[in-house]
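Have a look at the structure below before the remarks.
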Amino acid sequence: MEYKADAPLIIQGDKSVLLEVNHPLYEEARDHLARFAELEKSPEYIHTYRLSSLSLWNAAAAGLTANQILMGLNHYAKYPVPDNVVVDIREAIARYGRVRLVPHPDDVTQLRLTSDDSLLLIELTRNRYLKPYIIGQQGAHTLIVPASRRGHVKQALVKAGYPAEDLVGYVSGTPMSLELRAMTQQGTPFNIRDYQEQAASVFWAGGSEAGGAGVIVLPCGAGKTIVGIMAMNFIQANTLILTPNTVAARQWREELLDKTSITADMIGEYTGERKEIRPITVSTYQILTHRKRGTKGKNLQLQDEFPHFGIFNEQNWGLIIYDEVHLLPAPVFRITAEIQARRRLGLTATLVREDGREEDVFSLIGPKKYDVPWRDLEHQGWIAPAVCCEIRVPMPEADRLEYVMAERRQQYPIAANNAEKIKTLDELLKYHRDDNVLIIGMYLNQLKHIAQQYDLPIITGKTKTRERQELYEAFRKEEIKTMVVSKVANFSIDLPDANVAVQISGTFGSRQEEAQRLGRILRPKGDGQQAYFYTIVSKETVDQDYSANRQRFLTEQGYRYMIFYQDEIPEALPTLKYVLDKV
């Protein structure tokens, strides 16, 4: 058996991959794995990745071949790649696009599901997920399915293990003229970055049936909105933009006015405050999932249960943009399954969903079309370099006793609200007194206490949109240097000069939240300074366990968390400014 002592990987027969962290080839091997594998565990010395069908299908959709995957694994592996893993990788990659959805030449109400493998189609006719949608067969290589169930058919095929290549095409939508500005309204050149242009071009695919539906994965602060605007420029048709909140919706409006020829009267806002339908309409997931009173649990038509779903048919949309697509609520998946004839672009920093519905994003919005490691963009200067620190603090004896005696579900709130965290926060605020700091948390009483103690402004879910915008603007202008924010600030806020984030509590073990919170401080700084991301946890509790899980996605992207204890902070803080120079 060939053995390479100087290689960093061990690939095991159960499709897990062990990566040695303190190895000269660690970063190279990690970047290769991140294209087709999922990080499961990331302790200090050995990281564990997992090969899954979905991760391999996303890789195939992005153009990665089985040979490229295996060449990399063979290059970085200490031992030969197990034969069963080689077979599984080749088979999974080969399954993507083995069946194809194409238009029916004679009937627009039907689609053809085709494959060169006639025996595969026989197998699919007996599959319990797909069987309800098959309405006929034409010859040995074609099944007939209803055009109205295009999304449902794709969902069924993913469950069956044979994701379809959708070549049906899309409606053009109502034409709309849009041009990109050479100079923004702010008077600065509008320069599109290479990776933004590549991402939009991959999505558009020259206007062919192979493009027009998929997800672009870029870090927070890397300009995903610009990718969306470029997609709109390619398509030149009415566009519906869905966002996490009203502040994000209005930022889209500002970006469109600043960087395109679109005029204010062409952009409508469809939120809880306004109900405007225009050629470009910006809405929120919250308003879309508002139910009519008394309809929950009843078997109703979608638009009877969710009255604002009518927005999907108010215009002949040529493009629907799903901003922060990893947050897409379950009801919106249901309506998306029925509008597969519209081009669909998902934008996100991470495909991780805590509800496990990554397969629905893949089948209904589209596969991952473009991805770039966060650290690559950091090295190129497009996002700020960041130091990530976890600070472990003790619990007072009385709180520790309460924690130990509590039921499991009550332990996290007790640990997360540990009063000792305030002492560490005090140290951090003193050290970063000249920086622009966000204090982020989950528990409102904890956040209100901090805001009151330090006389700081606070933004929560109850803060009115106008007041939020005013506070964000004051922060941008550095009229406010430190601000307390709840989880409402996780998503789509533009705070380019924030360079320090202190996470005082989080949403259990949410990896997507960790990525979004770091993203709040990653926009490049004018003076090139680094960003600092601190997480304060109660040591030897579920708070510490959840923190370890939260860090997994960012570890996969190349970030390393430094671990400190409370008594080490005064000496450790001055050394952090030199950490990135050593990496």
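See the values below:
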item: Over segment 378-582, volume per residue of the alpha carbon convex hull, in Å³; result: 118 Å³
item: Cα→Cβ-extended label distance, 7 Å offset, between Asp265 and Glu179, nm; result: 1.9 nm
item: Rounded tilt (10° steps) of 421-431 against the dominant C-alpha axis of the chain; result: 80 degrees
item: Rounded FRET efficiency, nearest 0.05, which uses the C-beta distance separating Ile144 from Glu427 and R0 of 51 Å; result: 0.15
item: Out-of-range pairs (alpha-carbon distance over 29 Å; input Lys421/Lys487; Lys224/Lys481; Lys259/Lys477; Lys154/Lys259; Lys369/Lys464; Lys41/Lys462); result: Lys154/Lys259; Lys369/Lys464; Lys41/Lys462
item: Placed amide H near Thr271: partners under 5 Å, 5+ positions off or other chain; result: Glu276
item: Cβ-derived FRET efficiency at R0 56 Å, Thr65 paired with Glu568, nearest 0.05; result: 0.75
item: Label-point gap, in nm, between Arg560 and Val108 - each point 7 angstrom along Cα→Cβ; result: 6.0 nm
item: Mean projected area (nm²) of the alpha-carbon convex hull when segment 9-95 is viewed from all directions; result: 5.0 nm²
item: DSSP-defined beta bridges in the chain - what % are antiparallel, rounded to 5; result: 30 percent
item: Amide H contacts of Tyr565 (H built 1.01 Å from N, under 5 Å, at least 5 apart or other chain); result: Arg392
item: Difference of contour (0.36 nm per residue) and Cα-Cα distance, Asp194 to Asp434; result: 83.0 nm
item: Estimated 222 nm signal from helices in the chain, with DSSP H stretches of n ≥ 4 weighted -39500 (n - 2.57), rounded to 500; result: -9500 deg cm²/dmol
item: Residues Lys448 and His290, FRET efficiency given R0 of 35 Å [Cβ-Cβ distance, rounded to 0.05]; result: 0.80
item: Cβ-based net charge around Phe312, under 9 Å, with every Lys or Arg adding one and every Asp or Glu removing one; result: -1
item: Rg and Dmax of segment 100-166, Cα atoms only, in Å; result: 10.5, 29
item: Cα convex hull of segment 194-372, projected area averaged across orientations, nm²; result: 10.2 nm²
item: Residues Asp194, Asp543, Asp497, sorted so that the one with the fewest Cβ neighbours within 10 Å comes first; result: Asp194, Asp497, Asp543
item: Total formal charge among the other residues, if their Cβ is under 13 angstrom from that of Phe333, Lys/Arg +1 and Asp/Glu -1; result: 0
item: Label-point gap, in nm, between Gln301 and Arg476 - each point 7 angstrom along Cα→Cβ; result: 4.3 nm
item: Gain on full stretching of the segment that runs from Glu420 to Ser52 - 0.36 nm per residue minus C-alpha separation; result: 128.4 nm
item: Per-residue ³J(HN,Hα) for segment 135-152, Karplus 6.51 cos²θ - 1.76 cosθ + 1.60, θ = phi - 60°, Hz, x for Gly and Pro; result: 10, x, 9, 10, x, 7, 10, 9, 10, 10, 10, x, 4, 5, 10, 3, x, 5
item: Sequence of Cys220, Cys389 once ranked by neighbouring C-beta atoms within 10 Å, starting from the fewest; result: Cys389, Cys220
item: Ascending count of other beta-carbon atoms within 10 Å, so fewest first, for Trp382, Trp374; result: Trp382, Trp374
item: Volume per residue that the Cα convex hull of the chain spans, once the total is divided by residue count, Å³; result: 174 Å³
item: Spatial separation of Cα centroids for segment 454-489 and segment 78-125, in angstrom; result: 50 Å
item: Net lengthening on full extension, Lys159/Asp497 (0.36 nm per residue, minus Cα-Cα); result: 117.2 nm
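Bear in mind that the values in this text are calculations on the coordinates, not laboratory data. Everything numeric in this text was worked out from a predicted model, so none of it was measured. A quick note on method: Cβ atoms are made from the backbone with ideal geometry, for glycine too, and the neighbour counts reach across all protein chains shown.
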